[in-house]
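K.L.:
One structure, pasted below without further comment.
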Amino acid sequence: QAFQKVAAAGAGSLLMGGPILVVPTERTIVEASGSKLYRENLFILPQTLNTDIDLQQETEPRYVGIYQVPVYVATLKLTGAFNLAQDMPDILARTSGTVLRWDQARLRLPMSDVRSLRKLATARVGVKNLAFASVNGGVYSGMEAAIRIDDPSQVPLAFHIELTMTGSREVSLLPLGGTTNVRMHSDWPAPSFQGAFLPAQRSINAQGFDATWQVLQLNRSFGQNWLESQFDTTTLAAASFGVGLFQAVDIYQQTERAMKYALLFIALTFITFFAWEHLSKMRLHPMQYLFVGLALSIFYLLLIALSEQIPFAMAYWSAAAALVTVIGVYLAGALRKRQRGAAAAAAMTGIYGVLYALVLSESYALLMGAIVLFIALSAVMLLTRHVDWYAASE
C-alpha cells in the first residue's frame, strides 16, 4: 500500500494526516440487462488544518537484537475546519448524477499503523464527541467515526483531536488541508528533514529542534475533494513530508569513516616499510608484507564487531592496541631487534590516534584527513629523496 511504501524507509516509522470527511455516494447505472446501483466514497479535505506536534525521545532505548533504534513518543493536536458551503459547487460538479448520503458521512483519520496509537485524549467535531474505530482502507487506513451531516451548507465543521502516538526512525505527515500548518518541537538534536516539503522555519541546537511548515492547496498536486475511483493514491503518498531521527555519528558511520581511509593508511604503511627497508638495509620478505597487510585489514573487522558490544571508543582502542601489539612483536622478530619493533608499534599508535580523531570529527573530517595524508606522504617522500631506487632494485 502507498502508506506502507512511504513508511518503509524505517521500521516503525509513522505516517499520518489530518481528518478526511468520507461521504458515501450512490449512482444508478442502466444497462441492457437492467439497472445497477454503484456505490463509492467521496473524500473531502478540510479547508484549514493546524497540527502541533511535541516529539520526545523514549527514556529507555529500544533494541532490535543488538542494534539500538531511536524511538519517540509524539503528542499531536489537530485543529481546523471543513467548509462544505465553499466546496459545494465543486462537489456537485464532480458528483453529477449521484446521490450524496450525508446522513452516512464518516470522519476518517488516516495513519500508517493504528497500533502506533497510545492515547486518544480528545476527538470532537463542534461540540460532539467522536467514537473512533479502526478501519483498513489501503492508503486511507486508520480510524474513523460516524458523523451525521443534516445540512452541508451549515457553518464550517470545526474539529479538535488530541492523541499520542509512538514510532521510530521518522515521522511523516500528509498536507490534507487547503492550508496546512505544522509546528513540531522535539528534543532530538539531529533532525533530517525530508519529503515533498521542507520547513519554512527551523531552529536546531543541542537540546533539540523546532520547525514549522506551511503547505497551500496550490502547492499540492491534488484538490480538495475526489471520488475514490478518480484518484491515484500514490499522488497523495508522494506529497508526504516530515523528519527523520538522524543519528549523527553512530558506530557504523564511525566505522565507515575509518574504512574510507583504510586503503590510504595501509598503502602509506607499506610505503613507509618499503622505504625503511632500503634505508636500514634490512630486507622484508613479501610474506611478511602480506601478514602485516592482513593484520591491518582485520583491524576494521575487529572494530565493528567490538563496537556492537561495547562503547565505540573502548572498541576502537582495544582493536588498535591488539593490532599494534601484534605488529610490534612480529616486526621485532622479523627485524631481529626489539627497538625496531617498538619503533614500529609507536608509529602505528600515532597513526591510529590520528585516525581516531578523523573518525570523531563531523564537520572537518575531510579537511583533517587531506592534511594528515598530505603530511604523511610528504614525510615519506622527503625521507627517501636520496634513495637510488634503481640501485636498490638491483
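K.L.:
Which residue out of Leu92, Leu84, Leu174, Leu157 is under 21 Å from the mean Cα position of the chain (by Cα) and either farther than 30 Å from Phe246 by Cα or open to solvent by less than 60 Å² (accessible area, probe 1.4 Å) (or both)?
P.N.:
Values: Leu92 fails: under 21 Å from the mean Cα position of the chain (by Cα); Leu84 fails: under 21 Å from the mean Cα position of the chain (by Cα); Leu157 fails: under 21 Å from the mean Cα position of the chain (by Cα).
Selected residue: Leu174, the only one of Leu92, Leu84, Leu174, Leu157 that is under 21 Å from the mean Cα position of the chain (by Cα) and either farther than 30 Å from Phe246 by Cα or open to solvent by less than 60 Å² (accessible area, probe 1.4 Å) (or both).
K.L.:
Return the total of residues in segment 185-206 being touching a residue at least 40 places away in the same chain (Cβ under 8 Å) and either within 18 Å of Gln57 (Cα to Cα) or part of a loop (DSSP other than H, G, I, E, B) (or both).
P.N.:
So the first thing to find is which residues in segment 185-206 are touching a residue at least 40 places away in the same chain (Cβ under 8 Å), and the list is 185-198.
With either within 18 Å of Gln57 (Cα to Cα) or part of a loop (DSSP other than H, G, I, E, B) (or both) added as a condition, the list becomes 185-193, 196-198.
Total satisfying the criteria: 12.
K.L.:
Shifting gears a bit: Can you tell me which residue within segment 207-234, out of those that are open to solvent by less than 70 Å² (accessible area, probe 1.4 Å) and under 21 Å from the mean Cα position of the chain (by Cα), is farthest from Glu58 (Cα to Cα)?
P.N.:
Here the answer is Trp213.
K.L.:
Here are the criteria: (1) closer than 29 Å to Ala315 by Cβ; (2) at pLDDT 85 or above; (3) of a type in the set (Val, Ile, Thr). Tell me which single one Thr235 does not satisfy.
P.N.:
(1)
K.L.:
Which of the residues that make up segment 282-303 are open to solvent by less than 50 Å² (accessible area, probe 1.4 Å) and in a helix (DSSP H, G or I)?
P.N.:
Once the filter is applied, which keeps residues that are open to solvent by less than 50 Å² (accessible area, probe 1.4 Å) and in a helix (DSSP H, G or I), segment 282-303 yields Gln288, Tyr289, Val292, Gly293, Ala295, Leu296, Phe299, Tyr300, Leu303.
K.L.:
Continuing with the same structure: Quick one: how many residues across segment 107-131 are surrounded by fewer than 20 Cβ atoms within 10 Å (Cβ to Cβ) and more than 24 Å from the chain's Cα centre (by Cα)?
P.N.:
10
K.L.:
For residues that are in contact with a helix residue (DSSP H, G or I) (Cβ under 8 Å, 6 or more places away or on another chain) and either hydrophobic (A, V, I, L, M, F, W, C) or more than 14 Å from Ser240 (Cα to Cα) (or both), tally how many sit in segment 177-227.
P.N.:
10
K.L.:
Is it true that Ser168 is touching a Gly at 6+ places or on another chain (Cβ under 7 Å), closer than 24 Å to Leu245 by Cα and buried (at least 20 other Cβ atoms within 10 Å of the Cβ)?
P.N.:
Values: touching a Gly at 6+ places or on another chain (Cβ under 7 Å): yes; closer than 24 Å to Leu245 by Cα: yes; buried (at least 20 other Cβ atoms within 10 Å of the Cβ): no.
So Ser168 fails the test.
K.L.:
Could you tell me which residue of segment 180-206 is nearest to the chain's Cα centre (by Cα), considering only residues that are crowded, with 16+ Cβ neighbours inside 10 Å and polar (S, T, N, Q)?
P.N.:
Looking at residues that are crowded, with 16+ Cβ neighbours inside 10 Å and polar (S, T, N, Q), I get Gln194.
K.L.:
Against the condition open to solvent by 50 Å² or more (accessible area, probe 1.4 Å), of a type outside the set (Lys, Arg), out of contact with any helix residue (DSSP H, G or I) (no Cβ under 9 Å at 6 or more places or on another chain) and part of a helix (DSSP H, G or I), how does Leu263 come out, does it pass? I'd like the intermediate steps shown before the answer.
P.N.:
Numbers: open to solvent by 50 Å² or more (accessible area, probe 1.4 Å): yes; of a type outside the set (Lys, Arg): yes; out of contact with any helix residue (DSSP H, G or I) (no Cβ under 9 Å at 6 or more places or on another chain): yes; part of a helix (DSSP H, G or I): yes.
Here the answer is yes, as Leu263 does meet what is asked.
K.L.:
Answer yes or no as to whether Arg106 is of a type in the set (Lys, Arg) and in contact with a strand residue (DSSP E or B) (Cβ under 6 Å, 6 or more places away or on another chain). Show your work before the answer.
P.N.:
On the way: of a type in the set (Lys, Arg): yes; in contact with a strand residue (DSSP E or B) (Cβ under 6 Å, 6 or more places away or on another chain): yes.
Judged against the criteria, Arg106 is a match.
K.L.:
Moving to a separate point now. Report, ordered by the first and then the second residue, all pairs with beta carbons closer than 7 Å, sequence separation of six or more or different chains, a first member in segment 311-328 that is more than 18 Å from Ile266 (Cα to Cα), and a second member that is in a helix (DSSP H, G or I) and among the hydroxyl-bearing types (Ser, Thr, Tyr).
P.N.:
Listed by first residue and then by second, the contacts come to Ala315/Ser307.
K.L.:
Within segment 56-68, can one find any residue that is under 31 Å from the mean Cα position of the chain (by Cα), modelled with pLDDT of 90 or more, hydrophobic (A, V, I, L, M, F, W, C) and not in a loop (DSSP other than H, G, I, E, B)?
P.N.:
No.
K.L.:
Mind listing just one residue for me: the one in segment 142-154 that is open to solvent by 20 Å² or more (accessible area, probe 1.4 Å) and of a type in the set (Gly, Ala, Ser) and, of those, farthest from Gly18 (Cα to Cα)?
P.N.:
Filtering first and then ranking leaves Ser153.
K.L.:
Are any of the residues in segment 30-53 in contact with a strand residue (DSSP E or B) (Cβ under 7 Å, 6 or more places away or on another chain), outside any strand (DSSP E or B) and hydroxyl-bearing (Ser, Thr, Tyr)? Write out each step before concluding.
P.N.:
Within segment 30-53, the subset in contact with a strand residue (DSSP E or B) (Cβ under 7 Å, 6 or more places away or on another chain) is 35-53.
Okay, now just the ones that are also outside any strand (DSSP E or B), so 45-47.
If we keep only those that are hydroxyl-bearing (Ser, Thr, Tyr) as well, we get none.
Scanning segment 30-53 turns up no residue that is in contact with a strand residue (DSSP E or B) (Cβ under 7 Å, 6 or more places away or on another chain), outside any strand (DSSP E or B) and hydroxyl-bearing (Ser, Thr, Tyr).
The values are calculated or read from the model by the stated rules, or taken from the named source; none is laboratory data. None of the values given here were measured: they were computed from a predicted structure. Glycine gets a Cβ as well: all are built from the backbone with ideal geometry, and neighbour counts include every protein chain shown. Side chains are part of the model used for accessible areas, which takes the heavy atoms of the whole protein and leaves out ligands, DNA and RNA. Shrake-Rupley method; radii C 1.70, N 1.55, O 1.52, S 1.80 Å.
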